[in-house]
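Chemist: First, the structure itself, so that you have it in front of you.
Every read-out reported here was derived from the displayed coordinates using simple, explicitly stated rules and does not represent laboratory data. Note that the coordinates shown come from a computational prediction; the quantities given were computed from them, not determined experimentally. No Cβ is skipped: glycine too gets one built from the backbone with ideal geometry, and neighbour counts run over all protein chains shown.
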Amino acid sequence: MEETRVNYIDFIHEHPLVFKEDLENDGNKEAVCSRCQEPVLGPCYKFSKRNFLLHKSCNEPPLEIHRHPLHPNHTLILCAPSKYVACDACYMNCSIRLFYSCKQCEFDIDIRCVSRRQSNIDECQRHDFFPILKQIQFTCDACGEETEGIAFLCSTCRFMVHRQCVDYPRTITTTVHNHSLTLTCSLFQMVGEKDDILCKLCQRKVKIWCAVYYCQDCRYAAHFQCARSVKGEYMDRSSTIESDLVSEIEHSSHEHKLIISKKKLEDDKICEGCMLSISPPFYSCEQCNFFLHGSCTKLLPKKQLPLFHQHPLTLLSQAPSPSGIFQCDACDRFQPGFCYRCDLCKYYKLDIQCASLPETLKHKGHQHSLSIALNRDRIVCNGCYDEDPPPLLFVCTECKTFGLCFRCATLPYRVRYEYDLHDYLTLRYSVEDDSGEYYCFICEESRDSRKWFYYCKECDFAAHPDCVIGKYSRIKFGRTFTCRKYHDQHQPLTIVQKNEYSAPCVSCGTTFHGLAVACTLCKFNSHLLIRPWWGLESICAPQD
C-alpha cells in the first residue's frame with residue numbers, strides 16, 4: 001500500500017499547544033510523546049486539558065531529510081503512520097508513528113529511529129552480519145562503493161557491507177600516523193556537513209556518510225581501503241637527524257676521514273651519496289676526489305615509507321650488486337650511490353632523493369601545492385604524459401586531474417648543457433610560441449607540445465629532458481669494479497655507455513645503446529642488465 005505523504009497541518013493538534021521546559025515540575029513523570037511513543041523527559045509541547053504531548057523535535061519534524069547516515073544516497077520523505085509499513089531500523093510497525101520513506105529503495109525508518117541517527121552503528125560492539133540472499137543494488141557502508149550483489153547486514157545496527165568488507169578491524173595502527181585510527185561509520189556526527197575532508201593517503205575527498213578510519217585528536221582521515229593498505233607499526237618518518245655538522249667525520253661509505261667544507265666549488269663535482277651536483281656544506285676526501293653532501297651523511301639508517309612499500313627500508317652505502325648500480329622504484333633512474341632497500345623483499349630500492357621528498361611540495365610547474373598520493377584515479381603525469389600512469393605520484397587536490405610522477409617532480413630547474421653559449425637551460429612547462437611545430441635541437445625529433453622541455457630563450461634552443469640530461473645522467477662512467485661472475489679474470493671491469501658505433505656485445509653479437517661493462521685489456525664488453533623487479537643485475541645472456 002502506498003504511503004501517505006504528510007504536511008505540517010497533518011500533525012498540528014486541533015487545540016493550542018503550550019511549550020513546557022520541564023514536565024517533572026508539572027507532575028507528569030511518566031509522560032509519553034503522542035507521535036513517537038517515547039518518554040518525554042525534557043522540553044515539550046502539551047495540550048493542557050488532555051494528556052497530549054509532543055517532543056519539541058516531534059512537533060514540526062522536517063518534511064525531507066537529505067543524506068541521513070542510515071540512508072545517505074537518497075532523500076527521505078516524511079509520511080503519515082501506516083499499519084502496512086515496518087521500520088527498517090527497529091522492525092517495529094509504523095501504525096502509530098510518523099516515518100520517513102525512500103520509495104526508490106523501499107527503505108522506511110520511523111521518526112524515533114531517525115533521531116538516533118548513526119550513533120548506534122559506531123556504538124555497536126560486535127556486528128552480527130547475515131547475508132541478504134538476493135541480488136540487490138546498494139552502497140557499501142564501509143568502502144562507499146555502489147554495487148549490485150549480495151549484501152551483508154548487521155542485525156543489530158543495520159550496517160550493510162560487501163562480503164570483502166565484513167572482516168574489518170575496528171582500530172588499526174599504521175605506519176603513516178603516530179596514533180591509532182578508529183573506524184568511524186560516519187564522520188557526519190563529528191564534522192557535520194563539511195565537504196573538504198581529504199584522505200591523507202590518496203588526497204581524494206572523504207564521504208562523510210561512509211566509513212573511514214579517523215583520528216579525532218589530529219583530525220586525520222583515511223579511506224577504508226587506503227588505511228588498510230598501510231597497516232603496520234609506526235616508525236619515525238623524518239628525513240634527517242637533527243644535529244650540527246662537525247669539522248671531521250668517518251663515514252661507512254669511504255675508507256678515509258672526510259673534512260667539511262663550506263666553499264663553493266668551481267668545477268662540477270658529484271655527491272657520491274645522491275649522485276647530484278655537490279653544493280656546500282659538504283664533506284670531501286681530497287686524496288680520493290670523494291664528495292658527500294652534509295645532509296647525505298645524516299640520513300636515517302631505517303625508514304618506513306608505507307605509500308612506497310609495506311616493509312621498512314634500510315640505508316645502504318651501495319646497492320648489493322657487483323657494479324653498485326640500481327634502478328630507483330620511484331623515479332626509474334639508474335644510478336650508483338646510496339639507496340634504501342627492503343631487507344625482506346630484497347628487490348625494492350629507492351634512491352635517497354625520492355626517499356627524502358616531503359609529503360607536500362610546491363613545484364614551479366603548477367600553481368597549487370602537490371601531495372604524494374596513491375594514484376587510484378590513474379592520473380597521467382602532466383610533465384611527461386607517460387601512457388602508463390604510475391601507482392604513486394604527486395597530485396593537486398584542487399585541480400583533481402593534475403599530477404606529477406617522481407621522475408618529473410625531481411627534474412632540475414636549471415641544467416648545464418655544454419653546447420649552449422649561455423651555460424644554463426631552464427625547465428619550461430608550456431610551449432615557447434604558437435607556431436604549432438616544435439622540435440628537439442639535439443635529437444632533431446618532434447616534441448609533444450604538452451610535455452615539459454628545457455629551453456634557452458637567448459638561443460631559442462629547446463630539447464627533450466632526456467636528450468639534455470641523458471638517460472644515465474647519474475651514472476659515473478669510467479667507474480671500475482671486479483667481478484669473476486661477469487669476467488673470469490682479475491682485471492677490473494669498467495662501466496661504459498655503448499652506441500651503434502661501438503663494438504658489438506660479445507655475448508649476443510649485437511650493437512646496442514645503453515649500459516655496458518668492458519675490460520680494456522682483453523677487449524671484453526657486454527650488456528649490463530638491471531632488472532629491478534627481481535633485484536638482479538647480470539650481463540647479456542644471464543647466468544643462472
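Chemist: Report, by chain and number, residues whose modeled amide H sits under 5 Å from the one on residue 85, excluding near sequence neighbours (fewer than 5 apart, same chain).
Modeler: 94
Chemist: Taking 30 Å as R0, compute the FRET efficiency from the Cβ-Cβ separation of residue 32 and residue 130 and round it to 0.05.
Modeler: Details: r = 33 Å, r/R0 = 1.10.
Approximately 0.35, to the nearest 0.05.
Chemist: Each residue of the stretch 212-219 in turn: what ³J(HN,Hα) in whole Hz from Karplus with 6.51, -1.76, 1.60 and θ = phi - 60°, glycine and Pro shown as x?
Modeler: Going residue by residue, I get 9, 8, 9, 10, 5, 5, 9, 6 Hz, with x marking Gly and Pro.
Chemist: Then there's this: Testing the spin-label approximation: label points 7 Å from Cα along Cα→Cβ at residue 376 and residue 446. State their distance in nm.
Modeler: 3.9
Chemist: Let's test the formula: R0 of 41 Å, r as the Cβ-Cβ distance of residue 512 and residue 196. What FRET efficiency results, to the nearest 0.05?
Modeler: 0.20
Chemist: What's the FRET efficiency of residue 399 with residue 18 using the Cβ-Cβ distance as r and R₀ = 41 Å, to the nearest 0.05?
Modeler: Details: r = 57 Å, r/R0 = 1.39.
According to the calculation, E is roughly 0.10.
Chemist: Among 513, 464, rank each residue by its count of other Cβ atoms within 10 Å, from fewest to most, as a rough exposure measure.
Modeler: If I rank by nearby Cβ atoms, fewest first, I get 513, 464.
Chemist: Now, a different point. Between residue 213 and residues 5 or more places away or on another chain, which pairs have amide H atoms under 5 Å apart, with H built 1.01 Å from N, and which residues are they?
Modeler: Those lying under 5 Å, H to H, from residue 213 are 184, 222, 224.
Chemist: Something else now. List the lysines whose Cα sits under 19 Å from the Cα of residue 264, skipping any in the same chain fewer than 8 residues away.
Modeler: none
Chemist: Could you estimate the translational diffusion coefficient of the stretch 414-469 from the Stokes-Einstein equation, with Rh from the Kirkwood formula over C-alpha pairs, at 37 °C and 0.692 mPa s, in whole µm²/s?
Modeler: The calculation lands on 294 µm²/s.
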